[in-house]
Ligand SMILES: Cc1cc2nc3c(=O)[nH]c(=O)nc-3n(C[C@H](O)[C@H](O)[C@H](O)COP(=O)(O)OP(=O)(O)OC[C@H]3O[C@@H](n4cnc5c(N)ncnc54)[C@H](O)[C@@H]3O)c2cc1C
């Protein structure tokens, strides 16, 4: 007898599971129930719609060939019954039935199932602050939100906007609004934006955002929304500052929509998401779940985590569908935490753990390497990519990687993600056979070069210092000898101004008399990316100096103000 499969949720994980079930079982009855008015929305595209990369909202719900993914499409093409504007109110597990309501007509009905898939997603967190009901306060979580923001931009009635929360969605929203001609301020409670990055890496992204006209306030939260005639007029910060605005966008994170599952008695995990095993099966063998509403395993930390990402939602939907049709046979082991976002002409990506996350989790024996270099040879117009690798010093296996810059960050993060997933040792990474031709990368790819740096440090062949560590030393009143080994013209055009000497690399060998006679003096060398800095450091160390360091990433990775 044909089986009946019911899917709750019709955005990413839901349609993915429904479509895969259909491919595997041509006889089944498949019913997808979606609360919202739209199906298969490309939520990740909302910021680009708002920011004007494209203007037709239908493109967010269209196939690559332009067909609308509406109930007619699901019915005709996939023989899937998709009910929109319909909310599932409860699940009767004993009777294997859901109760739902058509939100347009108010009509309630019941639908039985053989197996159920829950993909109810997540909702934006709205802080319970005075004034939160004012007009002009929005999130960017739904098609409706995206259309609201686009509409306001079109009307031209937003001059200033405050983005509350400097995470991935907050920063993408900031870019979209700034591109739409709005003056934006991002307010972030932590002391940095993009918390998946380490502070000094996030600061590089913040500097870029500022260079595009955006304002960023870190280290304080919002305490109140101030209105006039029912509409937002300003945002008051916890430190007393008041930011005038005609729009506030809340992007302080999402919460899994697990209430329906909880009310049905399914096990909910410690992070508030629905508990599933690696087959994406809940505590009820006839109910599977996937996407933003579930908890998954972080394969680096082995802890349970919420991971509200579109790629993961689709992969989980695919795994669940196969197990629903064939019985538990394929697994979704977990994620490692890979993400990426565009910030104007810059990209910020990360995979695995940042150094600060790793330390918080109790990893104490950590080794890091910061590498900066163009992503192609200079004659091909290479653009910088700054990479930070974080590894366990005991095993020298990667715990995480971050990359930022105007160059091709995505490729390097993808390779890093594979390396972490496969638990590769740094010795495996230093000789990787990656594709090379000048239009695509340097002969030694940036990722491999970063691994070389890590290996050099791990083997004790190079001692490095990060910009953050150097800044702390200087702030503490320490006075290491600092040498910029770039040419005089480069030095004239741009310099740190932290008490450094300029001794061009070609002159280092003949300038030993400029170095202190005490061979234990700390000497820090650098150049634009610290390749020449490393050359110079090798020579200086060979002359008996015992405390020679390279400023990792050089000027490119320096996140603090420069003299020039
Ligand atoms: C602005 C923005 C940018 C993003 N960018 C990226 C990105 O670049 N990369 C990335 O990987 N991820 C990104 N994401 C995250 C990604 O969109 C989500 O992880 C993904 O949509 C999750 O899919 P889902 O199916 O689990 O949940 P959702 O997409 O949230 O869909 C769940 C659906 O279930 C419906 N529903 C809920 N309860 C019920 C009920 N009781 N009955 C019926 N229906 C119900 C909801 O209406 C909703 O439409 C972004 C998200 C946003 C908002």
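FYI, it's all coordinate maths here, none of it is from the lab. Remember, it's a predicted structure, so these values are computed and weren't measured experimentally. Note: ideal-geometry Cβ built from the backbone for every residue, glycine included; neighbour counts use all protein chains shown.
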### Query
Taking the condition within 9 Å of the ligand (Cβ to nearest atom) and either under 30 Å from residue 267 (Cβ atoms) or free of Cβ contacts under 8 Å to residues at least 12 places away in the same chain (or both), does residue 116 pass?
no
#### Entry: Subset of region 437-451 (residues that are within 14 Å of residue 416 (Cα to Cα) and free of Cβ contacts under 8 Å to residues at least 60 places away in the same chain)
445, 448
### Task
Among the numbered conditions (1) within 16 Å of the ligand (Cβ to nearest atom); (2) loosely packed, with under 14 Cβ neighbours inside 10 Å; (3) in contact (Cβ under 8 Å) with a residue 24 or more places away in the chain, tell me where residue 74 comes up short.
(2)
### Query
Does residue 205 qualify as being closer than 30 Å to residue 99 by Cα, touching a residue at least 60 places away in the same chain (Cβ under 8 Å) and crowded, with 17+ Cβ neighbours inside 10 Å?
no
### Message
Could you check region 91-100 and list, in sequence order, the residues that are within 11 Å of residue 265 (Cβ to Cβ) and either in contact (Cβ under 8 Å) with a residue 24 or more places away in the chain or outside any loop (DSSP other than H, G, I, E, B) (or both)?
### Response
91, 92, 93
### Query
When only residues in region 101-129 that are under 30 Å from the mean Cα position of the chain (by Cα) and assigned to a loop (DSSP other than H, G, I, E, B) count, which is surrounded by the most Cβ atoms within 10 Å (Cβ to Cβ)?
119
### Query
Are any of the residues in region 1-13 away from the ligand (no atom under 13 Å from the Cβ), under 25 Å from residue 261 (Cβ atoms), part of a loop (DSSP other than H, G, I, E, B) and in contact with a helix residue (DSSP H, G or I) (Cβ under 9 Å, 6 or more places away or on another chain)?
yes
### Message
Just the residues that are crowded, with 18+ Cβ neighbours inside 10 Å and either within 11 Å of the ligand (Cβ to nearest atom) or within 21 Å of residue 284 (Cα to Cα) (or both), please, taken from region 319-338.
### Response
319, 320, 321, 322, 323, 324, 325, 332, 334, 335, 338
### Query
Quick one: residue 90 ticks every box in (1) more than 14 Å from the ligand (Cβ to nearest atom); (2) more than 13 Å from residue 34 (Cα to Cα); (3) more than 28 Å from the chain's Cα centre (by Cα) bar one, so which box is it?
(1)
